Amino acid sequence: MSGSSELSRDAFLGGRLQIYQPRKGYRAGVDPVLLAAATPASPGQSVLELGCGGGVASFCLAARVAGLSLAGVEVQGFYADLARRNAVENGMEMKVFEADLRHLPGAVKEQTFDHVIANPPYYERHRSTPAEDVGRDVALAGETPLVDWIDTATRRLKPKGYLTMIQKADRLPDMLAACDNRLGSLRVRPVQPRSGRAAELVILQARKGGRAAFVLEEPLVMHEGVSHKHDGDDYTSQVVKILRGGDALPWSG
């Protein structure tokens, strides 16, 4: 673990969570908070986060839903250590495994989970310029194809368990193509920066063994107005409740 001078201690959910992150490198923003909000977990269920980084998504979810059993897999040792430190910092328990999700340790392969959540790298390695910081580069453009993320998630889900994943909107065709006949009841929620703008992110929900028809959900609009007209925070009221209050982002039906 790097020295404290190389880390910042950042507030999430209006200060309910205090998260250590590298000052330089991959830093969690709103995306893992949205991922947590969209995960329909209930008290006492089990959750596996693939590529957990510092654990922000898992800890945001646990702040909303009591009594969860948390596990995380992270390929980079530095971030795996940060997740463990952040668990202690926030009085939570999370088993963090340093491993490639394509080669899971036996302790993970022997389990199945009610939920698998993931915020995979947004960019394809062959189409992106490497970041100067190695940790940031792996987080933004890892070597593992989306199909492997979804296959691993599917294998680790219990029957009727849920996969929830956030990704760039232009990767949606890849995500849907990777959902084979083991997954069904697919739902997609677009995330728009503002009303009238194209979605930049999508949140996918899939259920192992699900049989319901595909649903395209109402978009989540992040900011008020059609353009930035003033200084300060212009998040919509719904987004403020998610980012500051830790509210859920419910699915229709």
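A few points about this structure:
- If you filter segment 66-82 down to residues that are among the small types (Gly, Ala, Ser) and touching an Asp or Glu at 6+ places or on another chain (Cβ under 6 Å), you find that the one that is most open to solvent (accessible area, probe 1.4 Å) is Gly77.
- Options Leu70, Leu82; residue that is modelled with pLDDT of 95 or more and within 26 Å of Arg207 (Cα to Cα): Leu70
- Hits in segment 196-224 (condition: assigned to a strand (DSSP E or B) and under 17 Å from Pro250 (Cα atoms)): Leu201, Val202, Ile203, Leu204, Gln205, Ala206, Arg207, Val215, Leu216, Leu220, Val221, Met222
- Annotation note: Cβ proximity below 6 Å between a residue of segment 98-110 that is touching a residue at least 12 places away in the same chain (Cβ under 8 Å) and a residue that is among the charged types (D, E, K, R) and open to solvent by 40 Å² or more (accessible area, probe 1.4 Å) (sequence gap 6+ or interchain) occurs for Arg102/Asp148.
- Criterion: within 20 Å of Ala248 (Cα to Cα) and surrounded by fewer than 18 Cβ atoms within 10 Å (Cβ to Cβ) - qualifying residue of Pro173, Pro193: Pro193
- Entry remark, segment 162-195: residues being more than 18 Å from the chain's Cα centre (by Cα), hydrophobic (A, V, I, L, M, F, W, C) and either assigned to a strand (DSSP E or B) or modelled with pLDDT under 95 (or both) number 1 in total.
- Looking only at residues of segment 84-111 that are within 22 Å of Leu157 (Cα to Cα) and either aromatic (Phe, Trp, Tyr) or part of a helix (DSSP H, G or I) (or both), we find that the one that is nearest to the chain's Cα centre (by Cα) is Phe97.
- No other residue among Gly72, Gly67 is of a type in the set (Gly, Ala, Ser) and part of a strand (DSSP E or B) apart from Gly72.
- Filter result for Leu34 (out of contact with any Ser or Thr (no Cβ under 7 Å at 6 or more places or on another chain), part of a helix (DSSP H, G or I), surrounded by 18 or more Cβ atoms within 10 Å (Cβ to Cβ) and aliphatic (A, V, I, L, M)): yes
- Scanning segment 102-137 for residues that are hydroxyl-bearing (Ser, Thr, Tyr) and either loosely packed, with under 13 Cβ neighbours inside 10 Å or modelled with pLDDT under 95 (or both) gives Tyr122, Tyr123, Ser128, Thr129.
- Yes/no for Arg182 being in contact with a helix residue (DSSP H, G or I) (Cβ under 7 Å, 6 or more places away or on another chain), among the basic types (Lys, Arg), surrounded by fewer than 18 Cβ atoms within 10 Å (Cβ to Cβ) and farther than 21 Å from Pro32 by Cβ: yes
- Some residue of segment 43-65 being open to solvent by 10 Å² or more (accessible area, probe 1.4 Å) and touching a Cys at 6+ places or on another chain (Cβ under 8 Å): no
- Residues (at pLDDT below 95, in a loop (DSSP other than H, G, I, E, B) and open to solvent by 90 Å² or more (accessible area, probe 1.4 Å)) located in segment 1-19: Met1
- Conditions (1) free of Cβ contacts under 8 Å to residues at least 24 places away in the same chain; (2) open to solvent by 80 Å² or more (accessible area, probe 1.4 Å): number failed by Thr236: (2)
- Residue match in segment 41-52 (condition: touching a Leu at 6+ places or on another chain (Cβ under 8 Å) and in a helix (DSSP H, G or I)): no
The values are calculated or read from the model by the stated rules, or taken from the named source; none is laboratory data. Remember, predicted model here, so these are calculated numbers, not experimental data. All Cβ positions, even for glycine, are placed from backbone atoms using ideal geometry, and neighbour counts span all protein chains on display. Just so you know, the surface numbers come from the protein's heavy atoms only, side chains and all, with ligands and any DNA or RNA stripped out. Shrake-Rupley method; radii C 1.70, N 1.55, O 1.52, S 1.80 Å.
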